[in-house]
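Some notes on the structure that comes next.
The values are calculated or read from the model by the stated rules, or taken from the named source; none is laboratory data. Note that this is a predicted model, so its numbers are computed, not measured. Every residue, glycine as well, gets a Cβ built from its backbone with ideal geometry; the counts of neighbours run over all protein chains shown.
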Amino acid sequence: MKTNIGVFFGGRSTEHEISVISASQAMHAIDKEKYDVTPIYISKQGHWYTGNALSDVANYKDIPALLARCEEVYMKPVFGDYNLYKCKKPLFGSNILAHIDVVIPVLHGSNGEDGIFEGVLESTGIPFAGCNTLSSANGMDKITMKMILQACDIPVVDYVWFTDKQWFSQRDELIARIEDKIGYPVIVKPANLGSSVGIGRAVDRRQLIEKVDEAEKYSTRIIVEDMIEELQEINCSVLGDCDEYQTSVCEEPIKSGEILSYEDKYMGGTKGTKGMQSSQKRIPAELPDDETRRIRFLAGETFRVLSCHGVSRVDVIIDRKTRDIYVNEINTIPGSLSFYLWEATGIPFDSLMDRLVQLALKRKREQGLKTVSYDQNIFSLGGGVKGTKGIK
């Protein structure tokens, strides 16, 4: 029997539509001679569906009609149970719809790329490609990520962070701190979103207030970063695990304004149907050899220190004046899975998907060698409730 790959996508995220596009690309790239594919779409309301019609992006123009052709499903939060169950149990026969051998999450943004969904997968023990709960959470949150990178001597721009409640209770103090530590211009970002959602540039106090008020609509944590005025943005993908990985060629995205926008990334002359690879870019980026080597090293180090797995994309920025290089962020489930960078590096999309499956199975084998319980029954030692006071 062929290995059955469950591809999860959609989700309760502002990047829902991009996830659908990325997953469609991934599913079509999987070698059907070697693998079976089960698409599992998570609606914006959090319901799971499966069906062959979910593989075609064109069907999402009318989602209610699409879902009417599909089966609503779920998985049990039971370790070792890799089955996909029908929500509507039949009168006769089993309600098991499929057995999933490996999961490839193609969920972008909140509730999918941030460790929440990865925690669900880890609780069942099913092999899956990509970052685990810890590295997903750290990679998604721009504040935590920068703290870790700084501690590991990976360069990042100066920043100030705070919560939405702090913004309303300590606004004047936070503004003063931002102006004193960073100065204008600055970039304001929700801490845990991608695809340039909620991001804005501020050149003075009035704009700062306006952009933070916008960003806090999307996240409880806000980060304000020093904006390098003459910057060059470069992306590099990393494939493998934190102990053994390789880096791709670099790309330079072409932006239409001062900030690489959602439209720049996903709607560059393609009406949003081709995903991240449709955006305007130079591949490979036109850089001196020493800068290319430095960027690929920093991308690999970022992947390593965050304990990443699978395929990620690390975005860096170069100060055109000083040629200083800073890591901007990591995308632990990048748009289009960065397949276009790997094709330019010599790894076709179908081979990339095969590598992800093998990485998932390898991690599962390695986890099976670890001790997960301590064989000691404390209840047999004669202790009751009173005997547990010293146990923490």
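One residue stands out among those in the stretch 114-141 that are touching a strand residue (DSSP E or B) at 6+ places or on another chain (Cβ under 8 Å) and closer than 19 Å to residue 304 by Cβ: the one that is surrounded by the most Cβ atoms within 10 Å (Cβ to Cβ), which is 131.
Here the condition is being surrounded by 18 or more Cβ atoms within 10 Å (Cβ to Cβ), in contact with a strand residue (DSSP E or B) (Cβ under 9 Å, 6 or more places away or on another chain), without any contact (Cβ under 8 Å) to a residue 40 or more places away in the chain and within 26 Å of residue 114 (Cα to Cα); of 211, 217, it holds for 211 alone. When we screen 76, 89 for residues that are at pLDDT 95 or above and part of a loop (DSSP other than H, G, I, E, B), the only hit is 76.
Give the residue, chosen from 259, 254, that is surrounded by fewer than 18 Cβ atoms within 10 Å (Cβ to Cβ), of a type in the set (A, V, I, L, M, F, W, C), in contact with a helix residue (DSSP H, G or I) (Cβ under 8 Å, 6 or more places away or on another chain) and modelled with pLDDT under 95.
Exactly one of 259, 254 is surrounded by fewer than 18 Cβ atoms within 10 Å (Cβ to Cβ), of a type in the set (A, V, I, L, M, F, W, C), in contact with a helix residue (DSSP H, G or I) (Cβ under 8 Å, 6 or more places away or on another chain) and modelled with pLDDT under 95, namely 254.
Residue 321 meets each of the listed conditions (1) at pLDDT 95 or above; (2) buried (at least 17 other Cβ atoms within 10 Å of the Cβ) apart from (2). When residue 101 is tested against (1) over 20 Å from the mean Cα position of the chain (by Cα); (2) surrounded by fewer than 17 Cβ atoms within 10 Å (Cβ to Cβ); (3) of a type in the set (Asp, Glu), just one condition goes unmet, and that condition is (2). Is there any pair linking a residue in the stretch 362-378 that is in the same structural domain as residue 243 (by TED's automatic domain parsing) to one that is surrounded by 11 or more Cβ atoms within 10 Å (Cβ to Cβ) and among the charged types (D, E, K, R), with Cβ under 8 Å and at least six apart or on different chains, and which? So the pair list comes out as 362/241; 363/241. For the stretch 54-73, a residue qualifies if it is within 28 Å of residue 362 (Cβ to Cβ) and part of a strand (DSSP E or B), and exactly one does: 73.
When you look at residue 31, is it under 18 Å from residue 128 (Cβ atoms) and out of contact with any strand residue (DSSP E or B) (no Cβ under 9 Å at 6 or more places or on another chain), yes or no?
Taking the combined requirement at face value, the residue does not satisfy it.
Reported count of residues in the stretch 24-52, each being in a loop (DSSP other than H, G, I, E, B) and not aliphatic (A, V, I, L, M), is 10.
Within the stretch 303-318, the only residue that satisfies the criterion of being hydroxyl-bearing (Ser, Thr, Tyr) and surrounded by fewer than 24 Cβ atoms within 10 Å (Cβ to Cβ) is 307. Among the residues of the stretch 64-80, just one is among the β-branched types (Val, Ile, Thr) and within 24 Å of the chain's Cα centre (by Cα), namely 73.
Looking at the stretch 112-127, is at least one residue part of a strand (DSSP E or B), in contact with a Leu (Cβ under 8 Å, 6 or more places away or on another chain) and within 23 Å of residue 333 (Cβ to Cβ)?
No, there is no match, as no residue in the stretch 112-127 is part of a strand (DSSP E or B), in contact with a Leu (Cβ under 8 Å, 6 or more places away or on another chain) and within 23 Å of residue 333 (Cβ to Cβ).
Considering only residues that are assigned to a loop (DSSP other than H, G, I, E, B) and not acidic (Asp, Glu), look in the stretch 1-23 and name the one that is farthest from residue 358 (Cα to Cα). Checking each candidate, the answer is 14. Filter the stretch 323-346 down to residues that are assigned to a loop (DSSP other than H, G, I, E, B) and under 24 Å from residue 305 (Cβ atoms), then give me how many there are. The total comes to 5. Just one of (1) within 24 Å of residue 334 (Cα to Cα); (2) modelled with pLDDT of 95 or more fails for residue 69. It is (1). In the set 203, 186, only one residue is aliphatic (A, V, I, L, M) and either free of Cβ contacts under 8 Å to residues at least 12 places away in the same chain or buried (at least 16 other Cβ atoms within 10 Å of the Cβ) (or both); that residue is 186.
Among the residues of this structure, residue 97 counts as one that is within 17 Å of residue 41 (Cα to Cα), part of a strand (DSSP E or B) and free of Cβ contacts under 8 Å to residues at least 60 places away in the same chain. If you check 95, 83, which single one turns out to be assigned by TED's automatic domain parsing to the domain that holds residue 24, under 25 Å from the mean Cα position of the chain (by Cα) and of a type outside the set (Gly, Ala, Ser)? None of the other options fit; the residue is 83.
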